[in-house]
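Chemist: Supplied in structure tokens, the structure appears directly below.
Nothing in this text is a laboratory measurement; each read-out follows from the coordinates by a stated rule. Predicted model, so just to flag it, every value in this text is computed and none were measured. FYI the Cβ positions are ideal-geometry reconstructions off the backbone, even for glycines, and counts take in every protein chain you see.
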Amino acid sequence: MFKRTALPLFHSSVWETADQMGKRHNTRSSAGLMEITGLTDKFTFNPKEGIDNPVMVTAEDADSVWTLSPRLCVLKQEDGESYGFHLRVENGRQGHIIRNVVAGGVAGCSGLQDGDRLLEVNNCHVDDIPHTEVAKKIKLSGQQLCLLVLDGEQYEQAVSRGQDVRGLGRAHKGEGCKPPRLCHITRDPASGLGINFTPVEGEKGCFSVSLVRGGAAEQAGVCKGDRLVWMNGATVSDLTHSALSRMMKKCGNHITILVIDGESEKNYMRQRMPILPSMAVPHNLPSRARKLHLVSGSEGYGFLLRLEKAPSGRTFHVLREIFGGSPAERAGMRDGEMLLEVNGESVESLTHEEIVDRVRLSGQQVSLTTITLQGLDFYTQLGLSPLLFSEDGAAEREKESGVSASAGEPSPLKETGSCQARHCSLQRGPLGFGFNLGCFPQGPGTFVSQVAFGGSGQSAGLLEGDVVMEVNGQNVEEKYLEDVMMLVKERGQFITLLVMEKTGYNKLKQTKSPAGDISDNKQEEDNYEISFL
């Protein structure tokens, strides 16, 4: 139970009676240096055995008694399977507490125990953040989860002694262990993707990164010597080099990869910890979910919430008709974005009425998380939740890791020559909106005639020749140039355009297919719900 130290026989510095030792121990306890219970009341010295007294514990020995031992538990669930534990906050107890661990379940088999305190979720310290945020991190992790926990009794002892439990996570991972990076690479017309992968000799499914200096991959946050973990949503550990090469050829103009430096990879392997996208710091992602904080004015928040249907058949809650000068406009709301959360609560399973109720019941302030339709499609294709890399969440991860992700205004994905319409959200800058409009000589209709280099139009993904289909949710295909320009000017600092590459638009007209990503058919509008907020 306690460390015992055999000392030289009859050594004068340790020759004490039992009463003297008891008094010395009581004095040390009252000073708050240590607390040891269950000591023997009487000690009889046996010269044949020497001095091996459990009462005699030095300050150095006491430190070893209080050594804290956090445990890493890796959980992996199958489709439709739960992790098999509850996370609770209890009155009179500190920390996030593991309860109701199902015997034989995913959590139980990983080593989680009832009463454990949760320190980290996927390498992110959570002991000092709200319970709802911790639960959200666990849900967003997907089917794999890494939890760093501490035995409940040890946790309470550490807290009572003022020990830094945050430091336990750093000590467990080791010095210099960096998080993985999720990097989105866009092909450069001259140098391509600027990246190659070389098999690591003697290690199956392990690939080292080599880069074109200054190329697209390096600009996207990939570093020389990185190890490839994951590509476009698929792990590469079971792939051959030829299979990986085939994946590269099929990736087109964009590729998203998860990489990590070699030393950190060894550290993860030593701990038998998977390297997950949910642990990553994002770099150069084409779209990120945004958190908007609105303070209500005298006429409400100043936007329209609509339930709309996409050609795929899925329905989304869409932000529309942002009033000029309204709280919504001041918060940076963009017409056409999808609503993901209200006050941190996902709206995916909520009805239109339930969402409206939550906004109205929040009083004079509300927090909304939004993303563009193209951004939502991007994360869906990767099998990730867009909430993993919301702007607030990413900043938290960067602060935790000390690694800065590349900043920049998100721009939608572009499909040159396709029939895929694109929502482009623009904010007025020094160059205005950074584009000019032209008109078709044979009738109504407008197109983007020029895009200013470095302007908002270029950042939003506008291309010269794009046909303008909607301005702020209003169809303008049959409107003349003057009318379209009036719509653009009257919206103030923010506009959203629905555009399509000219060749794709002409094909679409020939087949008479639906025009937009999001249905705006007047005949269908009555089937969907609209609320002014």
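Chemist: List the GluC sites (Glu not before Pro) within region 421-500 that DSSP assigns to loop and that have no more than 12 neighbouring Cβ atoms inside 10 Å.
Modeler: Here the sparse-neighbourhood loop sites are Glu478, Glu490.
Chemist: Region 264-302 to region 438-466: how many Å between their Cα centroids?
Modeler: 32
Chemist: If you don't mind, another one. For region 71-173, compute Rh as the Kirkwood radius over C-alpha pairs and then the Stokes-Einstein diffusion coefficient at 37 °C and 0.692 mPa s; write the answer in µm²/s, rounded to an integer.
Modeler: 238
Chemist: Let me ask something additional. Which semi-axis lengths, in whole Å and largest first, follow from the square roots of five times the eigenvalues of the Cα gyration tensor of region 290-401?
Modeler: Each semi-axis is √(5λ); the values are 22, 19, 13 Å.
Chemist: On to the next question. Need one number: nm distance between label points at Glu348 and Arg314, each 7 Å from Cα along Cα→Cβ, rounded to one decimal.
Modeler: My value for the distance between the label points is 1.0 nm.
Chemist: Now for a different question. Name the residue from Val468, Val484, Leu437 whose Cα lies farthest towards the positive end of the charge dipole of region 422-516, charges +1 on Cβ of Lys and Arg and -1 on Cβ of Asp and Glu.
Modeler: The residue sitting farthest along the positive end of the dipole is Val468.
Chemist: Looking at this model, which pairs from Lys266/Lys291; Lys309/Lys479; Lys250/Lys291; Lys139/Lys204; Lys224/Lys502 are more than 30 angstrom apart at the alpha-carbon?
Modeler: Lys266/Lys291; Lys250/Lys291; Lys139/Lys204; Lys224/Lys502
Chemist: Report the gain in length on full extension from Ser242 to Thr67: 0.36 nm times residue separation, minus Cα-Cα distance, nm rounded to one decimal.
Modeler: Residue separation times 0.36 nm, minus the Cα-Cα distance, leaves 58.1 nm.
Chemist: Counting pairs of Cα atoms in region 181-283, how many percent are more than 24 Å apart?
Modeler: The calculated P(r) of region 181-283 puts 16 percent of pairs beyond 24 Å.
Chemist: Further question: Tally Lys and Arg at +1 and Asp and Glu at -1 over the other residues with C-beta under 10 Å from the C-beta of Val347: what net charge comes out?
Modeler: The answer is -3.
Chemist: Out of region 65-167, which chymotrypsin sites (Phe, Trp or Tyr not before Pro) are coil in DSSP terms and have no more than 13 other C-beta atoms within 10 Å?
Modeler: Those satisfying the criteria are Trp66.
Chemist: For the ranges 340-352, 374-386, what's the packing order if you count other beta-carbon atoms within 10 Å of each residue, average per peptide, and put the highest first?
Modeler: 374-386, 340-352
Chemist: By average Cβ neighbour count within 10 Å, what is the ranking of 241-249, 219-227 from highest down?
Modeler: With the highest mean Cβ count within 10 Å placed first, the list reads 219-227, 241-249.
Chemist: Region 174-206 to region 360-378: how many Å between their Cα centroids?
Modeler: Centre-to-centre (Cα) distance: 33 Å.
Chemist: Working out 0.36 nm times the residue gap between His254 and Leu487, then minus their Cα-Cα distance, what length gain in nm do you get to one decimal?
Modeler: Separation in residues times 0.36 nm, less the Cα-Cα distance, equals 80.5 nm.
Chemist: Taking 0.36 nm per residue of separation and subtracting the Cα-Cα distance, what length does fully extending Lys178 through Asp164 add?
Modeler: Stretched out fully, the Lys178 to Asp164 stretch lengthens by 3.0 nm.
Chemist: Here's something else I'd like to know. Need one number: nm distance between label points at Leu361 and His131, each 7 Å from Cα along Cα→Cβ, rounded to one decimal.
Modeler: 1.8
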